[in-house]
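Just below is one structure, and these are the notes that go with it.
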Amino acid sequence: MLVVSALGGDIGVNAFLSDKPGVALNEPRPLLAGRYSLERPLASSENAQRWMAIEAASGRLVVVALAEPGRLSSFGRGVSHRHLVSIIDVVKEVEPGAFPDDVKLPIGAGFAVAEHLPGKSLRTLLEAGPLHPAKAVAWTLRLADAVQALHVTGAVHGALSPRSVVAEPTARAISPLLTQLIAPPVGPYCPPERLRGAPESASDDVWGLCATLYTMLTGKPPFAGATREALLRAMAIRPAPLVNSGVAEPVLQEILWRGLMGERRTRSSDLNELQSLLDHWEREPTRMPPPRQPPRVPPPRGLGEIVAGTAFGPGRDDGVLIDDATRPDDQGAPVHDRAPEEAEPESLPPVLPASAPLATLDAPGVGPGPTVEGLARPPLQRRISFNPFERKVSVWPWVVVAALAGGGGVYVALGLGTKPDAAPPVASVAVPHAAAPKPVVKRNADVVRNECVEEHFQPGSFEGTPDFAFVCEDGDFRATAHQLYGMTHDPAPVEAANALDAGLKIDARHTGKTASGARAAGLNWYELPATAIIRRTCCPNASPVLLPELPGWCEQLQSVVRRFADDSAKSVDLGPDARSFDRAVGCLFAGHVKHDYGYPAPPAPGDRAMFQQFLSRAAVVSARR
């Protein structure tokens with residue numbers, strides 16, 4: 001059987017040998033929801049509940065997954081995050097004949113549709129060996145941010161494992177990417193209550209993050225078992241220590257043991273707690289987290305646990321893949337088994353228009369994708385219906401009659417109501433003379449720029465009237481930031497005192513005197529995003545920030561600082577950008593990456609206090625302009 005697949009922007013036809021001989025897609029069938037054509041079941045799906053499909057309007061590949069009504073409500077449709085592949089559609093009704101006859105549809109089933117992002121999965125990447133602890137933790141924090149974006153909307157991922165993570169995407173620059181729908185839930189990466197039949201929950205995602213981090217550190221899952229029962233027995237005890245795999249990280253060991261305890265009552269299932277612990281490890285990898293007291297009241301049991309063994313129990317087909325080695329990987333970059341010119345496009349299954357096509361095939365928020373040659377597309381049909389539950393044969397006569405009746409009514413009301421010579425006289429009103437416009441004074445651009453830059457600092461931070469033209473010029477942005485903050489005098493003793501009163505210690509190395517004898521601003525690393533924000537506000541035509549690219553797996557500071565500056569011009573929360581900057585800097589120190597930024601230590605609490613006050617001033621400046 002042939003499947004059409006997209007690699008980045010290129011289109012290729014790959015041979016696919018389905019191991020489900022009873023599932024064939026060579027018979028005419030209507031499009032799913034009038035939009036999607038099923039192409040083949042995913043190789044990792046044991047029960048033909050997940051499919052590769054093509055969006056007929058654009059020709060791009062998508063992933064389709066059947067789901068029960070309860071699961072449909074927990075998909076995060078439209079949730080956007082730079083480390084998350086989005087779900088683009090959720091349909092709660094399945095038309096008859098949309099799936100092959102031998103596909104067993106759950107009662108009340110619908111389906112979800114997600115983007116397809118090709119690339120090398122984390123599962124495939126780990127076949128070459130485990131990752132460095134600093135890289136593994138940095139990647140886990142990025143995945144946790146993506147999961148947090150789902151949880152904020154009430155959605156859950158439910159299938160987090162190395163299978164669902166794209167480590168080397170072909171179409172995006174920042175790794176890793178958390179996919180949705182294409183990978184099944186995998187046994188060792190699901191908590192015990194899920195294996196006993198409970199439905200998907202937010203605590204599943206925290207367990208999946210911990211188990212995935214364990215696999216990145218050791219190269220193997222934390223638990224093993226050929227059957228569901230054997231896997232549950234293995235989860236009753238702690239996973240093997242990290243040191244058995246040559247990873248001497250006792251703090252990470254403690255964090256993982258807390259998140260992978262088989263007893264739910266004593267397990268750490270809070271995503272914020274996991275992020276905080278990993279963030280502290282990046283800053284102080286030898287500092288053990290404080291002891292965690294088990295809750296006095298056990299956590300509430302979900303409906304799936306209460307009725308486990310019945311409707312949601314072991315008899316439920318939950319799609320969990322127990323043995324991860326029994327199925328191939330679907331989301332990896334497709335393997336070209338033969339050249340595109342040898343492919344047989346006529347062997348693609350024919351597509352019939354849906355019995356009741358949608359008004360339009362353009363999905364909201366979904367951009368056009370690459371087209372697929374040889375794919376039969378239904379004509380785009382638009383029909384007008386005054387009753388969505390009744391099919392109209394033709395409506396244009398009614399439209400014409402309505403237009404004529406409306407036009408006639410307007411003519412009668414206006415033309416026959418009063419005659420032109422019967423109009424009442426209009427009294428003359430004296431029109432006041434408009435005041436003469438004030439002359440517009442055009443200010444010098446250099447003066448405006450210098451005032452804008454100076455407004456971002458406390459009064460008296462600079463001597464005289466300095467020229468800040470260098471802030472808008474191209475070049476190494478490190479030198480720009482150092483030059484700007486090297487010109488400042490005592491920024492504001494009140495600010496420093498307030499920071500100390502709040503219990504924040506400002507290190508002497510951050511408030512030491514400059515070569516001219518003046519005190520530095522105390523921002524340390526935050527001089528980079530602060531200067532980028534000033535440049536973004538005061539230099540509208542300036543080029544993007546340029547910073548040197550550093551080796552290693554840490555997120556590049558150039559991209560973080562650019563994103564920080566761009567978001568400062570929007571009405572958005574800058575907290576995520578500040579955390580991303582902290583993690584990127586912390587990663588440099590955790591991985592002992594050599595850099596020439598001139599800052600000897602990661603940001604300190606005093607730096608953050610000063611930077612917060614800078615952001616307050618910058619918000620005022622931005623509002624004025």
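The values are calculated or read from the model by the stated rules, or taken from the named source; none is laboratory data. Bear in mind the structure is a predicted one, so any value in this text is a computation, not a measurement. For neighbour counting, all protein chains shown are included, and Cβ atoms are generated from backbone atoms with ideal geometry for every residue, glycine included.
Worth pointing out:
- Of everything in segment 64-82 that is assigned to a strand (DSSP E or B) and small (Gly, Ala, Ser), the residue that is surrounded by the most Cβ atoms within 10 Å (Cβ to Cβ) is ALA67.
- Within segment 40-72, considering residues that are among the charged types (D, E, K, R) and touching a strand residue (DSSP E or B) at 6+ places or on another chain (Cβ under 7 Å), the one nearest to ILE107 (Cα to Cα): ARG50
- Failed item in (1) at pLDDT 85 or above; (2) closer than 20 Å to PRO169 by Cα, with VAL90 passing the rest: (2)
- Taken residue by residue, segment 609-622 has no member that is without any contact (Cβ under 8 Å) to a residue 40 or more places away in the chain and buried (at least 18 other Cβ atoms within 10 Å of the Cβ).
- Comparison of ARG123, ARG142 shows that the only residue that is among the basic types (Lys, Arg), under 21 Å from PRO169 (Cβ atoms) and under 13 Å from the mean Cα position of the chain (by Cα) is ARG142.
- Test: GLU555 is touching a helix residue (DSSP H, G or I) at 6+ places or on another chain (Cβ under 7 Å) and either part of a loop (DSSP other than H, G, I, E, B) or assigned by TED's automatic domain parsing to the domain that holds THR286 (or both): yes
One line per residue, one yes/no per condition, for (1) under 35 Å from the mean Cα position of the chain (by Cα); (2) more than 23 Å from ARG608 (Cβ to Cβ); (3) modelled with pLDDT under 50:
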{"position": "PHE468", "(1), (2), (3)": "no, yes, no"}
{"position": "PHE477", "(1), (2), (3)": "yes, no, no"}
{"position": "THR488", "(1), (2), (3)": "no, no, no"}
{"position": "ALA497", "(1), (2), (3)": "no, no, yes"}
